[in-house]
Structure formats: C-alpha cells, structure tokens
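Input: a single structure, listed below in structure tokens.
FYI, it's all coordinate maths here, none of it is from the lab. Everything numeric here is computed off the predicted structure, so don't read it as measured data. Don't worry about glycine lacking a Cβ; one is built from the backbone with ideal geometry, like all the others, and counts go over all protein chains shown.
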Amino acid sequence: MSSSTGSESGARGRTRRAILSAAAGTLSRDRNARLADIAAAADVGRSTLQRYFPDREALVAAVVEDSLRLLDEALRKARIDQGPARESMRRLVAAMLDVGDQVLFLYGDPRISQALAGRGEPDPAAEAVAALIARGQTEGDFDAEVDGAWIEHVLWAHVCAGCQAVSTGTLPHHGAFTSVIRTLEHGIRP
C-alpha cells in the first residue's frame, strides 16, 4: 500500500483521502491552520489524523504529493492535446477549477511552489500547457504576437483567481469558469 499514490482502499483509504482533501482545502485558505482545524474539516479526531500523519511536516508532504497527483490526473482527463486549442484551453480551465483547493495549496504558498521548482525534475504538465499555447498560436486561436510564456502566466493567474472565487464562495464553479474563459478570450472589453 503506497501512501503517496493514494491507492489505499476501504475505510482506511477513504479516511486518508478525506484528511488529504480537507488539508488541501484548509491550508489553501489558512497556511497556519492547526492540525485540529484540519481534523475537524476532515470530520475525524486529531488522534485519527495523527495515526495517518504523525506531524504537520508529514501531512504537508503527503498533501503536496496527493495534490500533484490530482492535478496530473485532471490534466490527463482534460485531453488538452486533442481538438482545437480553444476547446482544449476551456477543458484545461474546467479541470483546474475542479481541483481548485489543490491548485491554491500548491501555488498559493511560495515555499511550496519554490520547493516544487527546485526539484530539478521535468514538469510534464508545464510542457503540455506550453505545447497547447504554441499550438493555439499556430492555429490562430491565441495571439501569436504575445509571448507564450506571458499567455501561460496570464492563464494561471486567471485560474488561481477562479479557484479563489470558488473557495471563498464569491462565485459558484460554473460562474468562475465563465469569468475565467471570458476574460482569457476577450480581455476586459465589454
């Protein structure tokens, strides 16, 4: 049973997944949340949480790995290498909003995003998004005059804003999706 792959089944697996999900959501909103807050969000006792994760460091490490796995899974399901680039971008945005707590957890804390960048491993997700942007520019769906890295930066800024709006209850999921897509595709013009 591999704790980093989330492959546990049964009650133990469900409890572990509930803790990881609650931790991602709780820590994305409050980086200083106590283990008791995370346990309450997962609807388990603190002693149960600590049976799975003996300390905060172990929990955060597991949430990082689980969040990366969920983002990779969402990206794969979005099939951004298929179909017109504009539709692929829409699927990408929808997929990232579906794992919004994980997006905010991973990229909302500079310490975590710097640690991820410092791993020295290739990032297949970043490569896939860069390829999507280049394809969109070639196909004429995205402005070829704008640097691809800039488009990617704007994309992630908008996705994070959408995830934050859903997390805080400012917008429902579909409203955040519509706002992100409209702004990406049309800017702020009326």
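The table that follows gives values for the structure above.
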{"item": "Nearest-20 debye value, the chain charge dipole, Cβ charges on Lys, Arg, Asp, Glu", "result": "760"}
{"item": "Computed [θ] at 222 nm, helices only, for the chain once each DSSP H run of length n ≥ 4 contributes -39500 (n - 2.57)", "result": "-23500 deg cm²/dmol"}
{"item": "Distant alpha-carbon pairs in region 10-186 (separation over 26 angstrom), percent", "result": "34"}
{"item": "Ascending count of other beta-carbon atoms within 10 Å, so fewest first, for 47, 88", "result": "47, 88"}
{"item": "Estimated inter-spin distance, residue 58 and residue 35, nm [label 7 Å along Cα→Cβ]", "result": "0.8"}
{"item": "Whole-number percent relative contact order across region 10-186, with pairs defined as alpha carbons under 8 Å at least 6 apart", "result": "20"}
{"item": "Cα-projected label distance for residue 131 with residue 109, points at 7 Å along beta-carbon direction, nm", "result": "3.1"}
{"item": "Exposure proxy ranking, count of Cβ atoms within 10 Å, fewest first, for 135, 119", "result": "119, 135"}
{"item": "Footprinting exposure proxy for 28, 179, 9 (fewest neighbouring C-beta atoms within 10 Å first)", "result": "9, 179, 28"}
{"item": "Value in Å of the Kirkwood radius, where region 19-86 supplies the Cα pairs that are averaged", "result": "13.2"}
{"item": "Volume per residue of the C-alpha convex hull in region 110-176, rounded to whole Å³", "result": "115"}
